[in-house]
Each structure stands twice: as structure tokens, then as C-alpha cells.
Amino acid sequence: MNTQPPKPDATPSAIITFNDLIAQNKRNSALLMAGMMTLGFLVIGFAVLALSAHATGDVSVGQVVFSSAVGVIVVGVAGLWSYYGGAQSILSASGAQPIEKNQDPQLFNVVEELAIAAGIPMPKVYLIGDEALNAFATGRDPEHAAVAITTGLREKLTRDELAGVIAHELSHVRHYDIRLMMLVATMAGTIVLANDVMWRSMRVRSGRRSTYSSSSSNQKGGNPLVIVIVVIAVVLAIVAPIVATLIQFAVSRQREYLADAGAVELTRNPKGLADALRKLAEDKGVLDHANRATAHLYIVNPFNVAAETMNMDSPFATHPPIAQRIARIESLMR
């Protein structure tokens, strides 16, 4: 008869805290930004090299070095601009105006209470004069953060619902999502701009070369290396913007789920955020100052896309379906 005590199960999985999730988020953010910046460097570098090789009909070491240097400089400047000036540009483009505590004491009290709960400094508060219901947070870190809400959201939500929305935005601040999403948006925009410049330049140069070749009797065959470089540049020009956009939106969707969970942790009131999301889903207003570059920053899609309002998911959606978000939040109430 076996008298040995039963062997314990395998080592239980470690409990993952919100601090662990935040640390993981920051690590993933660093890897993602490295990937996005590498993609930007490749797109810009090959675009410049392809244009140079297409113009001269040859490839030299000097051209490669120059193209690489241009790629590094453009990516670096874009990253620095986003880090130090991106937040203010987003606020200005969104029509957000700063307000003081005496203009809306209740709103400031909600923000102050939740900032204390989150362990972050009090962010600046902005108001967007628009009847649509929406909000976003921006900045490079918790010490330089801002929260902006629309006048429609301020007027139509109860205090508990407002607290849920503010807690969601402060979770983005605490998780450093605000820095990542600014940089990702900047790099995606840089890639698209570089592609546009390359396509325009190559069309112009192709027209000139075809004119010259038609009048030249001793035109030589194309350099195979030049053809390869141009093909790579064209493939990157087609694929890179799509990949960058998919990464941008996928990261945004995952961070919305984490911010929802963070909001519940801060408020201890899942119902407040769930009810707020229902009101936002029912709102048919379109935010006038929103654009495609900043849409992923808002708590819900500012263009009221049906696929994100209903229980449907898409890799091209900037946010998870609101029905799925509400279901996840309500599961915390059981």
C-alpha cells in the first residue's frame, strides 16, 4: 500500500500584478518602437538610395552611406519631435483648450482623486468644445501628461461615469501608452510621407529618363543592382505603410483593454466605466477636430465606425468593439 503523500502539483503560476503588466507594457513598447524605427529607417534609406541609383544608373558606397545617414537623421528627428513637441501638436490639432480648477471644480476633483490613486502627478486638464462624447490623454510621461475631454462628455456623463473615463485615460498615462502611441503615430506618418515623396520623385525621374532614352542611340542596359534596389524600395513602399498601420491599430486595441482594467482598479467601480461606454456607443456625434492620425488616441473611435461600436473585430479598427470591452468590464462585477 502506498503511504507516500501525494506529490504537489506543478509550481503554481506567479500572480501577475498591474505593476508587472505596466513593466511588461514598457518592455514591449521599447521593442515595438525599435521595430517601427527600423522599418522607418529601411523605408527612407531605400527610398533615397533607389532615387539616387535610378537617377545615375549605378550604385556606389557613397550613395549607400548617404542614404543610410538620411534614414537615421529623419527617423531621429521625427522621434525627437514626437517626444518633445508631439503632445502640444495633438492638443492644438484637437482644438483642446486648457482650463483651471475654478472653471470646473468637480472635474478637477475627479482628476486629482484618480491621479492620487494611480500614483502619478496631476495632469493638465483640457476641454474640447464639441458635443460628441470622447476623451484622450497625451504626453511623453506622467510628469508631462494632459487629459482632454469634450464638452459633450462633460455634460452628459454622471460623476461615476466621468470617473470611469478619466480613470481609463490616467491608466494610459500610468502605463506609458501616451508616449508609445505618439511615437508610433509619428513613425507611421513619417513612413507614409516618405513613400509619397518617393513615388512622386520616381514618376518625375521616369518621365525624364524615358525622354532621354528615346533620343539616345547608345543607351545601355539597366544595371541589375539598381533594378534590385528599386524593386526593394517599391515593395517596402507598398508593404511598410500597411504593416505600420496594422501594428499601430493592434497596439492601440490591446492597450484599450489594459486601460479599461486599470480604470476598474482605480475606481473600484466597473459599472461606472461600463455605463459610460454604453453612452459613448449610443452617441452618433462625429468629432470635428479628429483625424486619422489621432483617432487611436481617443477612448472610442471619434468617427463612430460601426465595426467598433458593435461586436465585430477588424485588424484595421483603431479600438476593440465596445460590446467586447463592456463584457470584459462586467465580468469583473460578478
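Details
- Hits in segment 275-290 (condition: over 23 Å from the mean Cα position of the chain (by Cα) and in contact (Cβ under 8 Å) with a residue 24 or more places away in the chain): Asp275, Arg278, Lys279, Asp283
- Residues in segment 247-263 include at least one that is of a type in the set (Val, Ile, Thr) and over 22 Å from Leu127 (Cα atoms).
- Within segment 116-135, considering residues that are part of a helix (DSSP H, G or I) and in contact with a helix residue (DSSP H, G or I) (Cβ under 6 Å, 6 or more places away or on another chain), the one surrounded by the most Cβ atoms within 10 Å (Cβ to Cβ): Ala118
Quick grid of which residues meet (1) part of a helix (DSSP H, G or I); (2) at pLDDT below 85:
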{"residue": "Gln248", "(1), (2)": "yes, yes"}
{"residue": "Glu256", "(1), (2)": "yes, no"}
{"residue": "Leu273", "(1), (2)": "yes, no"}
{"residue": "Ala276", "(1), (2)": "yes, no"}
{"residue": "His289", "(1), (2)": "no, yes"}
{"residue": "Ala293", "(1), (2)": "no, yes"}
{"residue": "Asn304", "(1), (2)": "no, yes"}
{"residue": "Ala317", "(1), (2)": "no, yes"}
{"residue": "Ala327", "(1), (2)": "yes, no"}
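- All positions within segment 82-95 that are closer than 22 Å to Gly45 by Cβ and loosely packed, with under 14 Cβ neighbours inside 10 Å: none
The values are calculated or read from the model by the stated rules, or taken from the named source; none is laboratory data. Values in this document were obtained by computation on a predicted structure and should not be read as measured data. Note that we place each Cβ from the backbone using ideal geometry, even for glycine, and neighbour counts take in every protein chain shown.
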